[in-house]
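Taking it in order: structure first as structure tokens, then the write-up.
Just so you know, all these numbers are worked out from the coordinates, no wet-lab data involved. None of the values given here were measured: they were computed from a predicted structure. Every residue, glycine as well, gets a Cβ built from its backbone with ideal geometry; the counts of neighbours run over all protein chains shown.
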Amino acid sequence: MSATSQRTLQKTERSRLTRRNPKGHYDAETIYSVLDSGLIAHIGYVHEGHPIVTPTAYWREDNRLYWHGAASGRFIKSMADGPVCVTVTHFDGLIFARSGFHHSALFRTVMAFGHCTLINEAERKEKALATFLNRLLPGRAAVVRPNTKQELKATTLVEFAIDEASAKIRDGGVQDAKEDYDFPVWAGLLKTKLVVEDVVEDERLCDGTERPAPLADLALGTALEDYVRSNIQLLDQE
């Protein structure tokens, strides 16, 4: 475990869960685990006086999150003009209790607050985008066609420092009121998981093109978050 992952993020009025909520976590290890298991984040910010939430693919490097967008986009410029809230959520199932009040969901989520920096240096963008590709498929950046100068110019990299953040996790089983456990109705969990359904070849592959080893060896039904975390572990070993 790295020193970075052992740190605890400072609780603030924005990141602190209220009511002494046992679902709350502030250690970087838990927060990073939730972030590293995902691919899509929702970015909340203000554009021309109106709240906007944009879903986007992201990745983490140390204590920073990154995503990218069109350099000409109006929304991405607004992200650097004020405070930003980033959320990542994993839905793990439904909880059926003996009362409607105690029905709930199994989930893992992170909410982080901070400010963004827009990065336009070609070298930094090239390196960061290579990290993103390799997170999706180890070794991918080295085998695809290199980015052109125009493609890099048209792309803005967004850097978000994780200064204020908390994780909220609901796991375990049904939590009914004590007096409800004798009520004669079914209660339990409906557990869910996002899995790899299939690997489909593009119809216009060049003759003799082989499937990359990580995909050739990938078992259908593998949890997507396990696949993503495995890729990150391979990158960390380089």
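Which of Gly24, Ala105, Ala216 sits farthest toward the positive end of the charge dipole of the chain, with +1 on the Cβ of Lys and Arg and -1 on the Cβ of Asp and Glu?
Of Gly24, Ala105, Ala216, it is Gly24.
When the chain is fully extended, how far beyond the present Cα-Cα distance does Thr148 get from Val199, taking 0.36 nm per residue of separation?
Stretched out fully, the Thr148 to Val199 stretch lengthens by 15.5 nm.
How big is the range 84-128 by the Kirkwood estimate over distinct Cα pairs, in Å?
14.2 Å
Once the cut-off is 25 Å, how many percent of the Cα-Cα pairs in the range 34-163 end up in the long-distance tail?
On the way: 2859 of 8385 pairs.
So the pairs more than 25 Å apart make up 34 percent of the total in the range 34-163.
Do any of Lys11/Lys193; Lys77/Lys168; Lys23/Lys193; Lys168/Lys191; Lys77/Lys127 go past 25 Å between their Cα atoms, and which?
Result: Lys11/Lys193; Lys77/Lys168 exceed 25 Å.
Dipole magnitude of the range 14-141 about its Cα centre, charges +1 at Lys/Arg Cβ and -1 at Asp/Glu Cβ only, in debye to the nearest 20?
The calculation lands at about 400 debye.
Give the share of C-alpha pairs in each 10 angstrom bin for the range 144-213, from 0 to the last occupied bin, in whole percents, shortest bins first.
Using 10 Å bins, I get a P(r) of 10, 17, 19, 23, 15, 11, 5 for the range 144-213.
For Glu121 and Ala57, compute 0.36 nm times the residue count separating them, minus their Cα-Cα distance, and round to one decimal in nm.
In short, 21.0 nm is gained.
Going by alpha carbons, how many degrees (0 to 90, nearest 10) lie between the helix axis of 224-237 and the longest principal axis of the chain?
Here the helix axis deviates by roughly 50 degrees.
In deg cm²/dmol and to the nearest 500, what is the mean residue ellipticity at 222 nm of the chain if only DSSP H runs of at least 4 residues count, each as -39500 (n - 2.57), divided by the residue total?
Helix-only estimate at 222 nm: -6500 deg cm²/dmol.
I need the Debye-formula profile for the chain: one equal scatterer per C-alpha, no solvent, reported as log10 I(q)/I(0) at q = 0.13 1/Å, two decimals.
One equal scatterer on each Cα of the chain leads to -0.95.
Quick check: Cα centre of the range 98-147 to Cα centre of the range 182-213, how many Å?
20 Å
Can you give the charge dipole size of the range 122-238 about its Cα centre, rounded to the nearest 20 debye, using +1 on the beta carbon of Lys and Arg and -1 on the beta carbon of Asp and Glu? The partial results should precede the final answer.
On the way: 16 positive and 23 negative charges, 113 e Å.
For the range 122-238, the charge dipole is close to 540 debye.
Would you mind checking the tilt of helix 122-136 against the longest principal axis of the Cα atoms of the chain, expressed as 0 to 90 degrees and rounded to 10?
50 degrees
Diagonalise the Cα gyration tensor of the range 111-238 and give the resulting equivalent ellipsoid semi-axes, square root of 5 times each eigenvalue, largest first, whole Å.
40, 26, 12
Magnitude of the Cβ-charge dipole of the chain, K/R +1 and D/E -1, about the Cα centre, nearest 20 debye? Please report the intermediate quantities before stating the final value.
Working: 29 positive and 33 negative charges, 154 e Å.
Using only the charged Cβ atoms, the result is roughly 740 debye.
Between Thr209 and His102, what FRET efficiency follows from the Cβ-Cβ distance if R0 is 41 Å, with the result rounded to 0.05?
Here the calculated transfer efficiency is 0.15.
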